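Peer 1: Structure in structure tokens, see below.
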Amino acid sequence: MLQNDETQTKICLIFGGDSGVGKAAALMLARTGSTVVIACRDMEGGGTARREIIAKTGNNSVSLIECDPSSQKSIRDCAGQFKKKYARLDALINNVANFDLSLSRPVLTEDGRELIFAMNYLGPFLLTNLLLDSLKNGGVSRVVNIVSRGLSLYPLLTIEFDNLNSERRYSPAHAYHHAKLALVMFTYELAARLRETSVTVNCVWVPNEKLGDDLQIRISPLKKWLYLIQARSDFSQMDMAELYLWLATAKDAGSLNGRCIDEKRRVVRTPKSSYDGDIRRRLWDVSLKLTGLEA
């Protein structure tokens with residue numbers, strides 16, 4: 001467990017911190033005395049999580065900001081609210097995910113983006129860029145992006161620039177891993193662009209969580225089997241949450257930048273295409289257009 005003196009005065013934002021590993025990480029951060037901001041879509045569930053965290057830790061510096069990861073307007077509003085209240089940001093954990101295997105066809109968001117790509121990649125890309133000044137104001141600050149160990153099953157996967165909206169082909173598993181690969185590339189590219197600053201950017205290679213009862217009913221046995229292969233791990237939610245905290249706050253993780261870390265705190269290799277600087281830069285430019293940041 002991290003010691004209080006490492007995180008006591010930190011301001012940390014968890015994008016998707018109202019349930020699962022994100023909630024566990026919020027609880028651990030609150031125990032260290034940090035100011036914890038949970039950005040989440042479900043404000044009712046987020047409110048329940050906030051009250052539980054405060055009750056367990058005695059830390060009243062836990063707040064909520066509504067943020068729908070599928071809506072660029074909501075993400076912009078979230079960033080604006082954060083910057084009005086806080087002068088800096090010491091750690092940003094992008095923990096949002098959508099891995100709905102029951103989807104049989106692409107669903108478009110209000111911005112006209114494919115839902116899984118929007119939530120798993122474009123949302124974190126937009127929020128992180130909107131909060132870059134706050135991260136730089138934090139001095140030694142960290143960005144932690146959550147990706148999937150399932151990418152190990154796709155070593156030859158690359159960014160399909162002609163299929164970003166799943167207009168050419170679609171399956172929810174492919175869309176999910178395609179988006180997570182994009183998030184890995186964003187991690188590496190942002191780390192390179194911020195190399196001369198005190199902000200570091202890394203990603204965490206995590207196994208999938210247990211399927212909920214509703215999803216087990218709605219997906220085929222084959223999809224369930226593929227999911228369970230990727231979900232095998234001896235690490236609990238609390239173990240993974242402690243890994244998030246280590247990357248986001250611990251002094252001995254400060255030398256890591258532009259790396260992908262597994263549950264045993266080892267640097268791991270990601271798909272070959274993620275190391276291609278030309279692809280990463282092209283993805284960056286396309287992402288600016290897709291999120292309206294180019295203007």
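The values are calculated or read from the model by the stated rules, or taken from the named source; none is laboratory data. Keep in mind the model is a prediction, meaning the values are calculated, not measured. Don't worry about glycine lacking a Cβ; one is built from the backbone with ideal geometry, like all the others, and counts go over all protein chains shown.
Peer 1: Here is a check on your reading of the model: is Val36 under 24 Å from Val147 (Cα atoms) and not charged (D, E, K, R)?
Peer 2: For Val36, the condition - under 24 Å from Val147 (Cα atoms) and not charged (D, E, K, R) - is met.
Peer 1: Any idea which residue in the stretch 81-103 is surrounded by the fewest Cβ atoms within 10 Å (Cβ to Cβ), counting only those that are out of contact with any helix residue (DSSP H, G or I) (no Cβ under 8 Å at 6 or more places or on another chain) and over 14 Å from Cys12 (Cα atoms)?
Peer 2: Lys84
Yes or no, residue by residue, for (1) of a type in the set (S, T, N, Q); (2) loosely packed, with under 13 Cβ neighbours inside 10 Å; (3) touching a Phe, Trp or Tyr at 6+ places or on another chain (Cβ under 9 Å):
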site: Ser255; (1), (2), (3): yes, yes, no
site: Asp262; (1), (2), (3): no, no, yes
site: Tyr275; (1), (2), (3): no, no, yes
site: Asp278; (1), (2), (3): no, yes, no
site: Arg282; (1), (2), (3): no, no, yes
site: Asp285; (1), (2), (3): no, yes, no
site: Lys289; (1), (2), (3): no, yes, no
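Peer 1: Here's a follow-up. What number of residues in the stretch 276-295 are in a helix (DSSP H, G or I), within 18 Å of Asp111 (Cβ to Cβ) and in contact (Cβ under 8 Å) with a residue 40 or more places away in the chain?
Peer 2: Here the count works out to 5.
Peer 1: With surrounded by fewer than 22 Cβ atoms within 10 Å (Cβ to Cβ) and of a type outside the set (Lys, Arg) as the only criterion, which of Thr32, Thr9 stands out?
Peer 2: Thr9
Peer 1: Taking the residues in the stretch 163-206 that are among the basic types (Lys, Arg) and in contact (Cβ under 8 Å) with a residue 60 or more places away in the chain as candidates, determine which candidate is surrounded by the most Cβ atoms within 10 Å (Cβ to Cβ).
Peer 2: Looking at the filtered set, the residue picked out is Lys180.
Yes/no matrix, rows are residues, columns are (1) farther than 27 Å from Val201 by Cα; (2) under 13 Å from the mean Cα position of the chain (by Cα):
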residue	(1), (2)
Arg51	yes, no
Val62	no, no
Lys73	no, no
Gly80	no, no
Asp90	no, no
Asn95	no, yes
Leu101	yes, no
Leu115	no, no
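Peer 1: May I pose another question? Would you pick out the residues in the stretch 63-107 that are touching a residue at least 60 places away in the same chain (Cβ under 8 Å), under 23 Å from Ala49 (Cα atoms) and assigned to a helix (DSSP H, G or I)?
Peer 2: Answer for the stretch 63-107, where residues must be touching a residue at least 60 places away in the same chain (Cβ under 8 Å), under 23 Å from Ala49 (Cα atoms) and assigned to a helix (DSSP H, G or I): just Phe82.
Peer 1: How about the stretch 210-263: which helices (runs of 4 or more DSSP H) wholly inside it have at least 1 residues that are among the aliphatic types (A, V, I, L, M), out of contact with any His (no Cβ under 7 Å at 6 or more places or on another chain) and modelled with pLDDT of 65 or more? Write out each step before concluding.
Peer 2: Values: elements: 213-218, 221-231, 237-249.
The helices (runs of 4 or more DSSP H) meeting that bar are 237-249.
Peer 1: Now for a different question. Identify, by number, the condition in (1) within 19 Å of Leu13 (Cα to Cα); (2) assigned to a loop (DSSP other than H, G, I, E, B); (3) modelled with pLDDT of 95 or more that Asp162 doesn't meet.
Peer 2: Status for Asp162: all satisfied but (1).
Peer 1: Also: Return the pairs, sorted by first residue and then second, in which the second residue is part of a loop (DSSP other than H, G, I, E, B) and among the acidic types (Asp, Glu), the first residue lies in the stretch 135-162 and is farther than 30 Å from Lys83 by Cβ, the beta carbons are less than 9 Å apart, and the residues are 6+ apart or on different chains.
Peer 2: Arg149/Asp262; Arg149/Glu263; Thr158/Asp276
Peer 1: Can you say whether Leu115 is more than 25 Å from Glu294 (Cα to Cα) and either surrounded by 15 or more Cβ atoms within 10 Å (Cβ to Cβ) or modelled with pLDDT under 95 (or both), as far as the supplied structure shows?
Peer 2: no
Peer 1: On to the next question. Inside the stretch 129-148, can you point out the residues that are touching a helix residue (DSSP H, G or I) at 6+ places or on another chain (Cβ under 7 Å) and farther than 22 Å from Gln237 by Cβ?
Peer 2: Of the stretch 129-148, the ones touching a helix residue (DSSP H, G or I) at 6+ places or on another chain (Cβ under 7 Å) are 130-131, 134, 141-145, 147-148.
Hits for the stretch 129-148 are Leu130, Leu131, Ser134, Ser141.
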